[in-house]
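Chemist: Structure in structure tokens, see below.
The values are calculated or read from the model by the stated rules, or taken from the named source; none is laboratory data. Given the structure is predicted, the values throughout are model-derived calculations rather than measurements. Quick reminder, even Gly has a Cβ in these numbers, built from the backbone with ideal geometry, and neighbours come from all protein chains shown. For accessibility, only protein heavy atoms count, side chains too; no ligands or nucleic acids. Shrake-Rupley method; radii C 1.70, N 1.55, O 1.52, S 1.80 Å.
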Amino acid sequence: MSLFNAMPGAIAQGLIWGIMAIGVYITYRILDIADLTVDGTMCIGGAVCIMMMLNGYNVWIALFFALLAGAIAGFVTGIFHTAMGIPPILAGILTQLALWSANLKIMGKANQAINVDKYDLLVSLRYIKGVALSKNTIFIVAIIIIAVIAILYWFFGTELGCSIRATGCNSNMARAQGINTNFNKVLGLMVSNGLVALSSALLAQYQGFADINMGRGAIVIGLAAVIIGEAIFGRIFHNFALNLLSVALGSVIYYLVLQIVIWLGVDTDLLKMFSALVVAVFLAIPFWKSKYFSKPVKRGGNVNAGN
């Protein structure tokens, strides 16, 4: 019963992190960039949202500026990479490092709490059970995810969105077709980190506080959600919108499994190691398939015996 009672909270948290996982999918799968800005962006969204609400701003305005702060973080990483020639992984690390100081300045200290009884939060841990459907956290976040997927599906179907996908697929070919690949990389990083910050803002409301360490290891969780979603639903979902949905579902599955692991009594100090091993195994599966399980290609041809 304790496991059953904990499942709604795990689903809600998985859906919130699912928005972040969609942002990771954009950089990792579409742009072919491993963006480590995520660990810093996963804090700045929550920090901006909580501080704005504490200062009297509406929750929707706070969410918008949290998304905007994440987009700015992605812009900085993009400029580091495209205008300064810094490799994308190192550019993300530099931005992540700078965001640590920025987040401390935004919050004024390492942790800022918000009381659900005093502020009109959009989502909260208290809004899981015994509330109206219109106030239920799972329902609200699910609607937000559907809206995000619909907008991204439309956007990546436009000429600009297709040029971003072309940039990630083959930047040299895209450049030969007259596409401004540097602009597309920056824009893709902005969209990705904006979604990560939106997820962070919702997570801060859900847990009732923003913390300087809330983004630590976020990239591992995001990759786990992407890999798990693709591994389970990859053969079923072929549409781009359904691929995005599979990433969000992968995040939910990840948190459900995590809840089961906790219920089994595994030391919580080992959860980060467990997450890293899960990602490593799922990333290794394509390599193992190609090396150990694929049939060797038979080569042959016509042999000329002579005239």
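Chemist: Restricting to Cα pairs below 8 Å that are 6+ residues apart, what does the relative contact order work out to for segment 10-132? Please round to a whole percent.
Modeler: On the way: 100 pairs, mean separation 36.4, N = 123.
Relative contact order for segment 10-132 comes out at 30 percent.
Chemist: Here's something else I'd like to know. Run the simple label-point estimate for ALA6 and PHE240 please: 7 Å along Cα→C-beta, distance reported in nm.
Modeler: Each label point is offset 7 Å from its Cα along the Cβ direction, giving 3.9 nm.
Chemist: While we're looking at this one, here's another question. Relative contact order for the chain: what percent, with Cα pairs under 8 Å and sequence separation of 6 or more? All intermediate terms of the calculation are to be shown ahead of the outcome.
Modeler: Working: 483 pairs, mean separation 104.6, N = 307.
Worked out over the chain, it gives 34 percent.
Chemist: Mind listing the phi-derived Karplus ³J(HN,Hα) values for segment 44-56, rounded to whole Hz, using 6.51, -1.76 and 1.60 with θ = phi - 60°, and x for any glycine or proline?
Modeler: 5, x, x, 4, 5, 4, 5, 5, 5, 5, 5, 9, x
Chemist: Which one, [x] 32, 22, 20; [y] 36, 25, 18; [z] 37, 21, 20, gives semi-axes √(5λ) of the Cα gyration tensor in Å as derived from the coordinates shown?
Modeler: Of the listed options [x] 32, 22, 20; [y] 36, 25, 18; [z] 37, 21, 20, [y] comes from this structure.
Chemist: A follow-up question, please. Which of the three applies to segment 183-231, rounded, prolate or oblate, going by the alpha-carbon gyration tensor with a ≥ b ≥ c and a/c under 1.5 meaning rounded?
Modeler: Numbers: a/c = 2.20, a/b = 1.25, b/c = 1.76.
Oblate, because a/c is 1.5 or more while a/b does not exceed b/c.
Chemist: Let me ask something else about it. What is the sum of charges around GLY9, taking Lys and Arg as +1, Asp and Glu as -1, for the other residues whose C-beta is under 13 Å from the C-beta of GLY9? Numbers along the way, then the final one.
Modeler: Values: positive: ARG126, LYS129; negative: none.
With Lys, Arg at +1 and Asp, Glu at -1, the net is +2.
Chemist: For segment 1-138, which whole percent of the accessible surface, found with a 1.4 angstrom probe, sits on carbon and sulfur atoms?
Modeler: Values: 4170 of 6280 Å².
The value for segment 1-138 is 66 percent carbon and sulfur by accessible area.
Chemist: Give the accessible surface of the chain per residue, rounded to a whole number of Å², with probe radius 1.4 Å and ligands, DNA and RNA excluded.
Modeler: On a per-residue basis, the chain sits at 51 Å².
Chemist: Residue by residue, what Karplus-based ³J(HN,Hα) values in Hz, rounded to whole numbers, does segment 226-235 have, using 6.51, -1.76 and 1.60 with θ = phi - 60° and x for Gly and Pro?
Modeler: Those phi angles translate into 5, 5, 5, x, 5, 5, 8, 10, x, 7 Hz.
Chemist: Can you give the relative contact order of segment 116-274 as a percent, counting alpha carbon pairs under 8 Å and 6+ residues apart? Each step should come with its number before you reach the end.
Modeler: Details: 107 pairs, mean separation 30.9, N = 159.
It comes to 19 percent, rounded to a whole number.
Chemist: Find the lysine pairs in segment 88-177 meeting two conditions, Cα atoms under 29 Å apart and a separation of 8 or more places or different chains, and report how many there are. Please report the intermediate quantities before stating the final value.
Modeler: Working: LYS105/LYS118; LYS109/LYS118; LYS118/LYS129; LYS118/LYS135.
Value for segment 88-177: 4.
Chemist: Express in whole angstrom the spacing between the alpha-carbon centres of segment 1-34 and segment 226-270.
Modeler: Here the answer is 7 Å between Cα centres.
Chemist: On to the next question. Classify segment 1-107 as rounded, prolate or oblate from the Cα gyration tensor: take a ≥ b ≥ c as the square roots of its eigenvalues, call it rounded if a/c is under 1.5, otherwise prolate when a/b beats b/c and oblate if not.
Modeler: It comes out oblate by the Cα gyration axes.
Chemist: At 7 Å along the Cα-to-beta-carbon direction for both PHE274 and MET173, put a label point, then send me their distance in nm to one decimal.
Modeler: Here the answer is 4.2 nm between the modelled labels.
Chemist: Heavy atoms of the protein only, probe of 1.4 Å, neighbouring chains included. What is the accessible area of TYR57 in Å², nearest 10?
Modeler: Accessible area, nearest 10 Å²: 120 Å².
Chemist: Grab the DSSP H runs of the chain that are 4 residues or longer, score each as -39,500 (n - 2.57), total them, divide by all residues and round the 222 nm result to the nearest 500 deg cm²/dmol. Could the numbers behind the result be given before it?
Modeler: On the way: 11 runs with 206 residues, N = 307.
That comes out to -23000 deg cm²/dmol.
Chemist: Ok, one more. Residue by residue through segment 14-29, which ³J(HN,Hα) values in whole Hz follow from phi under the Karplus form 6.51 cos²θ - 1.76 cosθ + 1.60 (θ = phi - 60°), with glycine and proline marked x?
Modeler: With the stated coefficients, segment 14-29 comes to x, 5, 5, 5, x, 5, 4, 4, 5, x, 5, 4, 4, 7, 6, 9 Hz.
Chemist: Once you list every other residue whose beta carbon is under 9 Å from the beta carbon of ILE219, what net charge do they have if Lys and Arg are +1 and Asp and Glu are -1? Please list the in-between numbers first.
Modeler: Working: positive: none; negative: ASP35, ASP39.
Once all neighbours under 9 Å are counted, the net charge is -2.
Chemist: To the nearest Å, what is the center-to-center distance of segment 182-224 and segment 94-141, using C-alpha atoms only?
Modeler: Cα centroid of segment 182-224 versus Cα centroid of segment 94-141: 13 Å apart.
Chemist: Using label points projected 7 Å from each Cα along Cα→Cβ, tell me how many nm separate ILE285 and LEU97, to one decimal.
Modeler: The modelled label-to-label distance comes out at 3.6 nm.
Chemist: Sum up the charges of everything whose Cβ sits under 15 Å from the Cβ of ILE30, counting Lys and Arg as +1 and Asp and Glu as -1, but leave ILE30 out. Please list the in-between numbers first.
Modeler: Numbers: positive: ARG29, ARG165, LYS185; negative: ASP32, ASP35, GLU230.
With Lys, Arg at +1 and Asp, Glu at -1, the neighbours total 0.
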